Amino acid sequence: MPKQCDYLIYNVQIATMLDGSEPYGTIENGCVAIDNGSIIYVGEMDNCEVTPLTKFDGGGNWLLPGFVDCHTHLVYAGDRANEFEMRLNGQSYQQIAEQGGGIKSTVNATRKASPEALLASAIARATALIHEGVSTLEVKSGYGLDLDTEIKMLQVANTLGTELPLNIRTTYLGAHALPLEYAGDPEGYIDFVCHQVMPKVSELSLADSVDVFCESIGFSPAQCERVFKTAKNLGLNVKAHVEQLSDLKGAKLACDYHALSVDHIEYLTSEDVVYLKQSNTVAVLLPGAFYFLKETQKPPIEALRAQQVPMAVATDLNPGSSPIASILTCANMACVLFELTPEEALKGITVHAAKALGLDDRGIIKAGCRADLCLWDISHPAQLVYGINQYNPIKRWFGGQLV
Ligand SMILES: [Zn+2]
């Protein structure tokens with residue numbers, strides 16, 4: 001054990017979220033030593049022999065890893081509350097679409113918005129997540145669908161990480177919807193995504209991953225495969241929205257390209273879960289969209305469990321199908337709607353969410369990991385996913401700094 005360190009958090013119950021004999025990887029009466037932004041020791045207080053420059057008494061409270069929200073669309077302009085109201089006043093989707101509603105309205109508003117306005121609204125949403133303990137956040141583009149707006153969205157997303165104590169991962173989601181300019185010509189649009197936008201995104205290092213919406217109302221598997229091929233050639237990770245509304249075998253296709261994650265997966269068959277296992281792909285569950293769209297088809301949780309496929313849970317924060325800036329509410333929904341255990345749900349917003357982003361240095365409390373930590377005044381970790389809007393961290397460390 002190192003003898004000296006910057007900082008020591010002691011007198012805490014630690015939910016390391018590591019697999020082991022104890023639920024939540026719990027260490028009672030523990031301490032965490034931090035040096036230079038990283039965890040250098042985790043263990044019982046009795047065995048701790050470091051000499052810290054600064055000590056923090058955790059008062060017997062619970063210490064958990066900072067949460068990871070691994071699937072959001074939180075950079076956008078406008079909102080769709082008017083459509084929500086129209087729908088509940090009896091108007092059909094068709095009538096709403098005819099009045100310029102749906103994703104079209106978000107694309108129009110996002111194209112028109114200044115980077116400053118986009119950033120201001122994104123900061124408000126990201127701050128709500130931070131207050132609930134999120135320290136790493138994925139943000140997708142996909143509301144511009146033209147070169148300039150997609151670049152603008154990704155730049156704004158990256159700026160969030162310099163404005164807030166938050167680590168940002170960015171994903172280019174060009175194949176989200178067909179823009180008006182390409183109406184009737186999805187192949188032409190995929191050409192544009194692959195030949196014009198993706199090389200630029202890669203050249204400017206604006207995104208870590210590329211995502212697609214593989215669905216009858218999105219893009220076909222063949223079109224998605226063109227995007228995956230281009231992503232692999234450019235050295236970008238692959239992620240995919242698949243099997244949300246129907247089974248197009250998008251998950252199998254994404255797994256063929258070693259996708260980091262396949263997301264939604266309500267219509268994934270139990271048989272196809274084996275492809276996720278083989279390619280080490282994370283199953284990302286988005287119960288917020290399931291709830292908001294009043295879906296009934298549930299993801300194949302039993303099969304995912306049986307195959308030991310890691311399950312992550314995310315907010316899918318977006319204006320159309322999941323306007324929910326609360327990772328803990330989504331973890332609660334994963335328990336209530338999909339029957340995850342509280343431990344599975346908490347692993348879903350920590351260790352497995354980090355894996356869905358290709359990150360192994362967070363989401364767990366272990367030597368060598370980033371010191372992104374939250375202290376909670378709770379009697380048991382399950383409380384965090386049991387109560388809705390009742391808990392916020394009483395202290396939060398980001399990269400070892402108390403913020
Ligand atoms: Zn999404």
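Each reported figure results from applying straightforward, stated rules to the coordinates on display, with no laboratory input. Computed from a predicted structure; not experimentally measured. Using ideal geometry, Cβ is built from the backbone for each residue, glycine included, and neighbour counts are taken over all protein chains shown.
Some points to look at:
- Only helical runs count toward this figure. For the chain, summing -39,500 (n - 2.57) over DSSP H runs of n ≥ 4 and dividing by all residues gives -9500 deg cm²/dmol at 222 nm.
- Stokes-Einstein, applied to the Kirkwood radius of the chain over Cα pairs at a viscosity of 1.002 mPa s and 20 °C, places its translational diffusion at 99 µm² s⁻¹.
- The range 185-226 has equivalent-ellipsoid semi-axes of 20, 12, 7 Å, by the square roots of 5 times the alpha carbon gyration tensor eigenvalues, sorted largest first.
- Estimated dipole of the chain in Debye, rounded to 20 [Cβ of Lys and Arg +1, of Asp and Glu -1, Cα centre]: 360
- With contacts taken as Cα pairs under 8 Å and at least 6 residues apart, the chain reaches a relative contact order of 19 percent.
- Of the Cα atoms belonging to the range 1-138, the radius of gyration and Dmax stand at 23.3, 68 Å.
- Here the range 191-322 is treated as a Stokes sphere of Kirkwood radius computed over C-alpha pairs; at 4 °C and 1.567 mPa s its diffusion coefficient rounds to 86 µm²/s.
- For residue 167, the residues whose amide H sits under 5 Å from its own are 136, 137, ignoring neighbours fewer than 5 places away on the same chain, with H placed 1.01 Å from N.
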